[in-house]
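Here's the structure we're looking at; comments come further down.
The values are calculated or read from the model by the stated rules, or taken from the named source; none is laboratory data. It should be emphasised that the depicted structure is a prediction, and the values quoted were computed from it without experimental measurement. Because the Cβ atoms are built from the backbone with ideal geometry, glycine has one as well, and the counts that use them run over all protein chains shown. The accessibility values were calculated without ligands, DNA or RNA, using every heavy atom of the protein model including side chains. Shrake-Rupley method; radii C 1.70, N 1.55, O 1.52, S 1.80 Å.
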Amino acid sequence: MDFRLTDEQRLLRQTVREFAEAEIRPHVRAWDEAQQFPRELLPKLAALGLMGIQFPEEWGGVGLSAIDYCICLEELARVDPSVALSVAAHNGLGPAHIHMFGTDAQKARWLRPLARGETLGAWALTEPGAGSDAAGMRTVARRDGDSWVIDGTKTFITHGASADVIVVMASTDRSRGAKGISAFIVERGTPGLRAGRKEDKLGMRASETTEVILEGCRVPADHLLGEEGAGFIAALQVLDAGRIGIAALAVGLAQGAFEAARDHAATRRQFGQPIASFQAIQWKLADMAVRIEAARLLTYRAAGLKDRGDRTTLESAMAKLYASEIAMRVAEDGVQIHGGYGFVKDYPAEKYFRDVKLTTIGEGTSEIQRLVIARQLLA
Ligand SMILES: Cc1cc2nc3c(=O)[nH]c(=O)nc-3n(C[C@H](O)[C@H](O)[C@H](O)COP(=O)(O)OP(=O)(O)OC[C@H]3O[C@@H](n4cnc5c(N)ncnc54)[C@H](O)[C@@H]3O)c2cc1C
């Protein structure tokens with residue numbers, strides 16, 4: 001077991017860090033306030049390969065490892081967690097589903113431009129009545145000659161309005177429950193597809209979240225992704241990998257919150273000395289650093305196993321659960337170390353504190369991660 005990053009990985013971290021500092025940091029507050037996904041950032045992310053991090057070069061990606069993927073998301077989240085969320089949703093959900101289960105023809109047509117960042121992807125599983133219990137979905141797809149007609153409403157979809165390509169899960173045989181769910185590739189502009197309400201969110205505000213409404217939305221038969229009836233099992237496998245990304249995002253967010261608190265503690269003076277000289281603050285900083293490092297190791301372990309081709313259902317859920325929950329504590333400690341300055345928007349602590357909550361909810365809540373972990377342990 002070697003815990004050191006390679007020279008290439010250190011260079012990757014430095015490159016993404018410099019990019020995030022130069023291209024993202026100056027806009028963080030404006031994008032948060034505008035609550036607008038900064039589409040203009042897409043070509044810049046794409047130029048660095050960040051829209052196709054793990055996809056092979058033949059499909060337009062840069063073919064990096066799962067650990068490399070974690071490094072990239074950490075560095076983006078350290079500066080702006082909502083940009084990291086958009087990058088994670090693009091890399092880890094819709095396009096990943098096409099990569100894992102698509103035919104070569106589907107990959108050539110949709111994955112290649114997605115991985116190059118020429119188009120933006122989304123993944124639509126969640127519904128108003130089916131969140132944690134995603135298999136309880138009501139969206140249906142019925143076969144009609146050479147096409148499928150999809151009807152239903154998806155909710156909380158990242159890039160629901162801006163995406164060019166959406167992977168939509170729908171029931172093709174309600175009598176078979178989870179085994180009757182299939183996945184479809186739906187392109188923006190398809191008649192019957194439209195974005196619904198855009199959510200007004202607590203955090204992650206620069207990452208777009210909307211409803212996706214499908215009304216008599218007709219797609220050709222070759223837009224079926226994977227086997228008919230195998231869409232839900234596929235979605236669970238997509239989430240196994242996706243959760244490593246959310247864990248890495250939580251680690252990066254916590255790192256950003258820690259650094260902001262450490263720097264504030266070093267410069268803020270009370271009682272004639274920097275508050276960092278008080279043991280209460282030092283212990284907080286020490287605990288924050290230990291928790292972040294433990295979460296990082298759990299996350300890299302899940303990623304390392306994925307790189308070896310192992311199944312990571314257990315390890316991904318553990319990493320996601322732990323990293324998101326320690327990130328919550330770190331972000332809260334960050335606000336506390338800032339005192340009143342942690343409560344106002346002029347300092348970054350307030351935004352980390354708002355953004356972090358998503359990490360215990362998206363791609364499966366903490367309760368669902370515990371359920372997944374317990375099921376694996378008891379199997
Ligand atoms: C910003 C954002 C972006 C998102 N992006 C996407 C996306 O791109 N695509 C997509 O498909 N979805 C997306 N989601 C949806 C997300 O995955 C769901 O919100 C999440 O899975 C929880 O579902 P829910 O909101 O319906 O909560 P519910 O399922 O209603 O859960 C409510 C509470 O009940 C608990 N609970 C539910 N069932 C159990 C149980 N069996 N045991 C114990 N506790 C339980 C939950 O843990 C939670 O605390 C996004 C959500 C957000 C907020």
Sites excluded, trypsin sites (Lys or Arg not before Pro) in DSSP loops with at most 13 other C-beta within 10 Å, longest stretch of the chain: 5-307
Once the dipole of segment 134-233 is set up with Lys and Arg at +1 and Asp and Glu at -1 on Cβ about the Cα centre, which of 207, 185, 224 lies farthest towards its positive end? 207
In whole percent, the fraction of accessible protein surface over the chain that belongs to carbon or sulfur atoms, probe radius 1.4 Å, stands at 54 percent
Karplus-derived 3J(HN,Hα), 6.51/-1.76/1.60, for each residue of segment 91-99, Hz, glycine and proline x: 5, x, 10, x, x, 5, 4, 5, 4
Accessible area in the full protein assembly, largest first, 1.4 Å probe, for 310, 200: 200, 310
In order over segment 138-147: 3J(HN,Hα) from phi, Karplus 6.51/-1.76/1.60, θ = phi - 60°, whole Hz, x for each Gly or Pro, gives 10, 5, 10, 10, 10, 6, 9, x, 8, 9
Compute the relative contact order of segment 258-304 as a whole-number percentage, counting only Cα pairs closer than 8 Å that sit 6 or more residues apart in sequence. 29 percent
With +1 on the Cβ of every Lys and Arg and -1 on the Cβ of every Asp and Glu, the dipole magnitude of the chain about its Cα centre, in debye rounded to the nearest 20, is 600 debye
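I need the calculated FRET efficiency for the pair residue 174 and residue 376, taking r as the beta carbon distance and R₀ as 35 Å, to the nearest 0.05. Intermediate results must be reported in sequence, preceding the final value.
Numbers: r = 29 Å, r/R0 = 0.82.
So, using R0 = 35 Å, E works out to roughly 0.75.
List the pairs from 44/179; 320/345; 107/179; 306/345; 198/345 whose alpha-carbon separation is above 31 Å, in the order I gave them.
Working: 44/179 40 Å; 320/345 28 Å; 107/179 24 Å; 306/345 38 Å; 198/345 23 Å.
Over 31 Å Cα-Cα: 44/179; 306/345.
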Residue-averaged 222 nm ellipticity for the chain, from DSSP H runs of 4+ at -39500 (n - 2.57), nearest 500: -15000 deg cm²/dmol
If you plug each phi of segment 149-165 into the Karplus form 6.51 cos²θ - 1.76 cosθ + 1.60 with θ = phi - 60°, what whole-Hz ³J(HN,Hα) values come out, in order, with x for Gly and Pro? 10, 10, 9, x, 10, 9, 10, 6, 8, 5, 6, x, 9, 8, 5, 8, 9
What is the set of long-range amide H partners of residue 127 at a cut-off below 5 Å, with H atoms built 1.01 Å from backbone N? 155
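Using the heavy atoms of the protein chains and a 1.4 angstrom probe, tell me the accessible area per residue for segment 243-363 in square angstrom. Walk me through the numbers on the way to the answer.
Values: 5390 Å² over 121 residues.
Accessible area per residue, segment 243-363: 45 Å².
Rolling a 1.4 angstrom probe over the protein heavy atoms, how many square angstrom per residue are accessible across segment 1-148? Kindly include the intermediate steps, with their values, before the conclusion.
Working: 6450 Å² over 148 residues.
On a per-residue basis, 44 Å².
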Signed unit charges on C-beta, dipole axis of segment 262-315, positive-most listed residue 292, 273, 314: 273
Please give every one of the aspartates and glutamates within straight-line cross-link reach of residue 351, meaning a C-alpha to C-alpha distance under 12 Å, and leave out same-chain neighbours fewer than 8 residues apart. 32, 33, 80, 332
Can you give the charge dipole size of segment 13-61 about its Cα centre, rounded to the nearest 20 debye, using +1 on the beta carbon of Lys and Arg and -1 on the beta carbon of Asp and Glu? 120 debye
